[in-house]
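Bear in mind that the values in this text are calculations on the coordinates, not laboratory data. Note that this is a predicted model, so its numbers are computed, not measured. Cβ placement follows ideal geometry from the backbone for every residue including glycine, while neighbour counts extend to all protein chains displayed.
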Amino acid sequence: MSWMFRPEPKIVPREKALPGRDEPILDPQLHAVLGTPVTGPWKPGQKSLILGIGCFWGAEKLFWEMPGVESTSVGYAGGTTPNPTYYEVCGGMTNHAEVVQVVYDPAKVSLRDLVVRALEAHDPSQGFRQGNDVGTQYRSAFYVNDEAERAEVQSLVDSYAQKLRASGYGDSTTEVKLLSQTDSGQYYLAEDEHQQYLFKNPHGYCPHHSTGVKCG
């Protein structure tokens, strides 16, 4: 496995992260599948969740297919560099994770439903890796809007971590933070070619690294 011979990925010191840019990378279009805005304004009562479970191409499709989801997009969060490019993120000098933003109607689908789907779709014990995808951008992460959401997500993550250990997996490395408390405090959209990637490229790369362990 080639990932075994690569340097260990590490978060870089904030002062060494790339400077980025002021201008957004993407002038957002409507969602290619759902026909909804990807940047709002959202309808009254709708909420959002940002999550990272490895490569964002396959991850996004998992959520646009869920009833109650209004919109999805892919981008970068959790790091330092403003408005990074895909290649900058892959270079490991932005500290961002590849993430999916899910906008949903909580009357139709709950925060718990979204978190459970995310947890069961990847291996939260792999650190800066999912399968052969290696790098800090592939880490397991949830970025939330307020303390109530943080507490709920953390409880689910902790409970799932116990189930993983009982099934022989290592410790969970999932990061749970308020988006506002990350270095940049923002979510940045990825380039257009990455948005709804598996709709535009039906036979494209679509890794999933589910452990088979259920949240219960």
Tell me, which longest segment in the chain has none of the GluC sites (Glu not before Pro) that fall in DSSP loops with at most 15 further Cβ atoms within 10 Å?
-> 66-190
In whole percent, what relative contact order does the range 43-199 give with Cα contacts below 8 Å and a gap of six or more residues?
-> 34
What are the extents of the Cα atoms of the range 91-136 along their three principal axes, listed from largest to smallest and rounded to whole Å?
-> 39, 21, 12
Could you pull out every one of the aspartates and glutamates with an alpha carbon less than 20 Å from that of LYS10, ignoring same-chain neighbours closer than 8 positions?
-> GLU88, GLU98, ASP123, ASP133, ASP171, GLU175, ASP183
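Starting from the Kirkwood radius over alpha-carbon pairs of the range 43-199, derive D by Stokes-Einstein at 25 °C in a medium of 0.890 mPa s and give it in µm² s⁻¹.
The calculation lands on 158 µm²/s.
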Entries in LYS177/LYS214; LYS61/LYS108; LYS61/LYS214; LYS43/LYS200; LYS16/LYS163 that, when Cα-Cα distance is taken, lie over 29 Å = LYS16/LYS163
Would you compute, from DSSP H runs of 4+ residues alone, the mean residue ellipticity of the chain at 222 nm, taking -39500 (n - 2.57) per run and dividing by the full residue count, rounded to the nearest 500?
-> -6500 deg cm²/dmol
Determine the shape class of the range 111-175: with a ≥ b ≥ c the square roots of the Cα gyration tensor eigenvalues, call it rounded for a/c under 1.5, and otherwise prolate if a/b is greater than b/c, oblate otherwise.
-> oblate
